[in-house]
Amino acid sequence: LTQPVTPDLLVSPSSQDGDLGSECPEDRGNWTGRLDFLLSCIGYCVGLGNVWRFPYRAYTNGGGAFLVPYFIMLAICGIPIFFMELSLGQFSSLGPLAVWKISPLFKGVGMGTILIVSLVAIYYNMIIAYVLFYLFASLTSDLPWQHCGNWWNTDLCLDHHVIKAGNSTLPVNISNTVSPSEEYWSRYVLHIQGSSGIGDPGRIRWNLCLCLLLSWTIVYLCILKGVKSSGKVVYFTATFPYLILVMLLIRGVTLEGAWKGIQFYLTPQFDHLLSSKVWIEAALQIFYSLGVGFGGLLTFASYNTFHQNIYRDTFIVTLGNAITSILAGFAIFSVLGYMSQELGVPVNQVAKAGPGLAFVVYPQAMTMLPLSPFWSFLFFFMLLTLGLDSQFAFMETIVTAVTDEFPYYLRPKKASFSAVICIALFLMGLILTTEGGMYWLVLLDDYSAGFGLMVVVITTCLVVTRVYGMKRFCRDIHMMLGFKPGPYFRACWMVLSPATMMALLVYNIVKYQPSEYGNYRFPTWAEVLGILMGVLSCLMIPMGMVVAVLQEEGTLWEVGVQQASRPAMDWGPSLEENRTGVYVASLAGSQSPKPLMVHMRKYGGITSYENTAIEVDREMEEEDDEESM
């Protein structure tokens, strides 16, 4: 085979040498191993939410009965959108911004995605910094949150070890007391008593600041060479959490009282299925757990070879993610059952979600076990590896999106550009290391990826199926994989997925509740700031439309909007040998009425995929004949 040549359309106008353009596909890089892509997707999807959100959502929404709406929503909303994102990325070999060559009018969707991912990356790495803090604190013979009597403790602190040692047969009222682990988290780690609210951040906590710097350093070193380096790191970060999860699960189920927690977690309450809230909660869990809309899946798929079997990978990752969530629930609730028995309180009094579970409840449970520092270290090391590969995806998305827009300037300097992005996001995240930083983290968590993300995903779905066209999109997948998506995927893409996400969006707006952290209510200006964060990502879409139309010549509707909504001339597979069928005609110099034949003579032979391209051409001719009749 001759060396692939990039069409003239893709050559930089500033370049005098056409050969420079032929280096672009190689410069962009690809996965270097067979499992790099699959493990990166698993690491990206299986994150902190699987451990600290799913188990709590399950038990508050019907226990075992919650699995019914969970798997239904996975089938309607999760799997189809997941496959759509992978298909767009792999077909075009472009990041979340450049992929909108599919319909330049909607490039604002890509800009909205980058804004959302940037905001999430800022606070997500702060959570990793908290994990690092606890990881280092576990390297001791006695965990620092094990007992009261430290300088950060108050008179309300109640040590369960003291109660147990006293052999008290009377039930102890713990409603007005605070556990040592809770005071360690709020008064020592956060030092939140130094802040009166979100408007009074207080001083920087230098130990947290150093942990944040360390977490950004780790992330940068792992994405230094793009997918070639992060693709190797995930062999550890995506698989090791499973080993620790199994160890925690085995330890958990062998504890006294573990069955009480598991029963509480899984006892089905089918009457909950009649509530719309349960179905919405299931859809939200699927939506955020799989990470659709953040651009990570599209970015990872863009580094695949053109004929990678992403159809198979879709089911492996989505079902694996669901099973991991369920397993994590067993590991968490078995320990919570043991803890409730030790304290003599119901399970629902110790069960929490989010940071409250990771940094208060579970660490307290660890102090009740023999070899508590060992189990604590394992738990936080698992959280570290779960969080890191999700953060790799966020950073790779931002870097890939921008470098694909300016390949001739940024691609050769990708390592330096990645360093600039990491430093900028670190500096923006410094406010999270202050005494009032937790208030800012809650605000970012509640609003950065809320309704704005849903609008981005709904718009993507509608543009691909309505503007670009379902037939054309299925034809692209046929050309790439050798078969067309079945009725299930087409029905979901056309109706079920967008309708479900619109219901989610409406529910979120109607049931809107102001942010709060414990007993602290956020002031009105903070709420407005949060809402603006979500609105700004949505406003990127109409702003992008205005720019796209202004770049076209002619009247606004007849030429501007219609022309900007059509795929760009160079839309299609990035390598010439993959531009079979209709896409050969878009290459410079292809004047033949049968461009596929020219392409085959040039590259020799008819492969099974080129055979598919012949079928695609025949279908297009038949459709044209039908339209002319």
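Take 212-225, 68-81, 96-109 and order them by the average number of nearby Cβ atoms within 10 Å per residue, most first; the result is 96-109, 68-81, 212-225. A simple packing score, the average count of other Cβ atoms within 10 Å per residue, orders the peptides 123-130, 390-397 as 390-397, 123-130, with the highest score first.
Please give the length that would be gained between VAL506 and GLU552 if that part of the chain were fully extended, namely 0.36 nm times their separation in residues minus their C-alpha to C-alpha distance (nm, one decimal). Numbers along the way, then the final one.
Numbers: separation 46, 0.36 × 46 = 16.56 nm, distance 3.47 nm.
Difference between extended and current length: 13.1 nm.
Extension gain for VAL345-LEU156 works out to 66.3 nm (0.36 nm per residue, less the C-alpha to C-alpha distance). Pairs from the list LYS107/LYS414; LYS225/LYS414; LYS228/LYS484 with a Cα-Cα gap above 19 Å: LYS107/LYS414; LYS228/LYS484. Extending 7 Å from the Cα toward the beta-carbon at both LYS225 and ASP271 defines two label points whose distance is 6.0 nm. The amide H of CYS157, built 1.01 Å from its N in the peptide plane, has VAL178 as neighbours under 5 Å, considering only residues 5 or more places off or on other chains. Roughly how many percent of the accessible protein surface of region 344-440 is carbon and sulfur, given a 1.4 Å probe and a whole-percent answer? Taking all protein chains in place, region 344-440 shows 75 percent carbon and sulfur surface. Per-peptide packing, taken as the mean over residues of other Cβ atoms within 10 Å, places 230-241, 186-197 in the sequence 230-241, 186-197 from highest down.
The values are calculated or read from the model by the stated rules, or taken from the named source; none is laboratory data. This one's a predicted model, so the numbers in the text were calculated from it and none came from an experiment. Counting neighbours? That spans all protein chains shown, and the Cβs are built from the backbone with ideal geometry, glycine included. When the accessible area is computed, the model is the full protein with side chains, heavy atoms only, and any ligands, DNA or RNA have been set aside. Shrake-Rupley method; radii C 1.70, N 1.55, O 1.52, S 1.80 Å.
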